[in-house]
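The values are calculated or read from the model by the stated rules, or taken from the named source; none is laboratory data. Predicted model, so just to flag it, every value in this text is computed and none were measured. Virtual Cβ from ideal backbone geometry, glycine too; neighbours counted across all protein chains shown. The accessibility values were calculated without ligands, DNA or RNA, using every heavy atom of the protein model including side chains. Shrake-Rupley method; radii C 1.70, N 1.55, O 1.52, S 1.80 Å.
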Amino acid sequence: MTLYTNPFDAVAIPVVVLDCKFQVVTANKEARKAFGGDDQSSNIQDLLLQKREVRMLLQKTLETGAETTTSLSIKAGFGTVFQMSIRRVPVVDRPDGIALVLTFEDRSSLLDVKAMRSDFVANVSHEIRSPLTAISGFVETLLGPARDDPAAQERFLQLMDKEVARMTNLVSDLLSLSRVEVKERRAPKKTVDPNQIILQAEEIAEAFARKHGKTLVVTTNGVLPEILGNHDDLVRVLINLFENAVTYSREGGEIRMSADVDCGDNPLNKTAIRISVCDQGEGIPAAEIPRLTERFYRVDKSRSRSVGGTGLGLAIVKHILLRHRGKLEIESTLGEGSEFRIYLPIAETSK
Ligand SMILES: Nc1ncnc2c1ncn2[C@@H]1O[C@H](COP(=O)(O)OP(=O)(O)OP(=O)(O)O)[C@@H](O)[C@H]1O
Ligand SMILES: [Mg+2]
């Protein structure tokens, strides 16, 4: 049987074969897709040979047989960055007896991850720097103008206390986030009782709401079935939602929480526990809703900061829910309030 297809077409990354005069012998489907042109393409050849470094590497591999690699960015295919490797191979049925095989690995997503990481580090540094700057300003005042003024000293120490609490909050949120991210891929294996989770969250949230002059009303519809999960992480999810509902709702407002079993008409498309946290707050503009779970994203930065917010609460919620194969839905009406609903699949044994 004779195969007339190019076997390189079955390779999932771009492959280009050049002869010893650097003419394209063949280019596979992925290469044609990435660089344009046909399989004996002058397009690809021009694209490669116009780069001096590539010409030098081709020459080096041709002469020494040593593999060479370089990073190559191509405009077609929208800013794709490839790691190009050049290898020399013997070819029996060609007069020159050798060919150069060029393979191209897409490194763009790796670079995106690197960019995200630096972005994250920049954000963290910025968030830590602001309280530090404030504290060092207060220390200066305490040592200088407020040295003999006990009333001012008291005031500045209280402000410092607030800034220290903010930093402690930030560090503990960062730790929680990295902890949940580490185990995100491992789905929980143990069953937990959502009724207990709600009870524990309710106790903590109740005290928090009272402190802020708000009332908490919890209604559960019967006894909820077990789910696969981590008790503490799920309590954290509810606390974060409660804290937001309390923080971003108006004085004297009511926060309602309800929990029930949803039989499948939900974003998970299966029987799940639905827990909803509703507030009578200022609401969230529709355009901001998809961004709320991004790290450090805050609708009103200065407002959130002034109440000690780090912008990590909902990012933590998102990652914990991802691990639990759950979902978060957010609905909000400006001036009326918001509803945050979470869905958690019930354990097989509960069905
Ligand atoms: N119930 C809500 N009503 C109105 N806005 C909200 C509500 N929940 C969250 N937000 C908005 O979403 C932003 C992100 O919330 P998130 O919980 O992630 O961070 P945070 O509350 O600012 O800080 P923290 O890390 O301390 O929770 C908040 O800053 C706020 O602007
Ligand atoms: Mg929050």
Highest to lowest packing among 20-26, 88-94, scored as the average C-beta count within 10 Å: 20-26, 88-94
Nearest-ten-degree value, helix 108-143 long axis tilted from longest Cα axis of the chain: 40 degrees
The range 187-350: radius of gyration over Cα atoms, expressed as a fraction of 2.2 N^0.38 Å: 0.99
Val299/Thr271 FRET efficiency (R0 35 Å; Cβ-Cβ; nearest 0.05): 0.55
Carbon plus sulfur fraction of accessible area for the chain, probe 1.4 Å, in percent: 53 percent
Positive minus negative residues near Gln280 (Lys, Arg vs Asp, Glu; Cβ under 14 Å): -4
Nearest 10 degrees, 0 to 90: helix 52-64 Cα axis against the chain principal axis: 60 degrees
Whole-Å semi-axes of the range 108-182's equivalent ellipsoid (Cα gyration tensor): 36, 14, 5
Residue-averaged [θ]222 nm for the chain, counting only DSSP H segments that reach four residues, each worth -39500 (n - 2.57): -14000 deg cm²/dmol
Scaled radius of gyration (Cα, divided by 2.2 N^0.38 Å) that the range 11-106 gives: 0.99
Relative pair counts by distance (%), Cα atoms of the chain, 10 Å bins: 5, 18, 19, 15, 14, 14, 10, 4, 1, 0
List Arg185, Arg147, ordered by accessible area with a 1.4 Å probe, largest first: Arg185, Arg147
Solution diffusion estimate, µm²/s, Stokes-Einstein, the range 157-215, Kirkwood Rh from C-alpha pairs, 37 °C, viscosity 0.692 mPa s: 224 µm²/s
The range 126-170 and the range 279-351: distance between their alpha carbon centers, rounded to Å: 31 Å
For the range 177-194 and the range 201-256, distance of Cα centres in Å: 20 Å
Volume per residue of the C-alpha convex hull in the range 181-267, rounded to whole Å³: 125 Å³
Across Lys29/Lys114; Lys214/Lys270; Lys183/Lys327, pairs whose alpha-carbon gap is larger than 24 Å: Lys29/Lys114; Lys214/Lys270
Per residue, in Å², the accessible surface of the chain once ligands and nucleic acids are set aside, probe 1.4 Å: 57 Å²
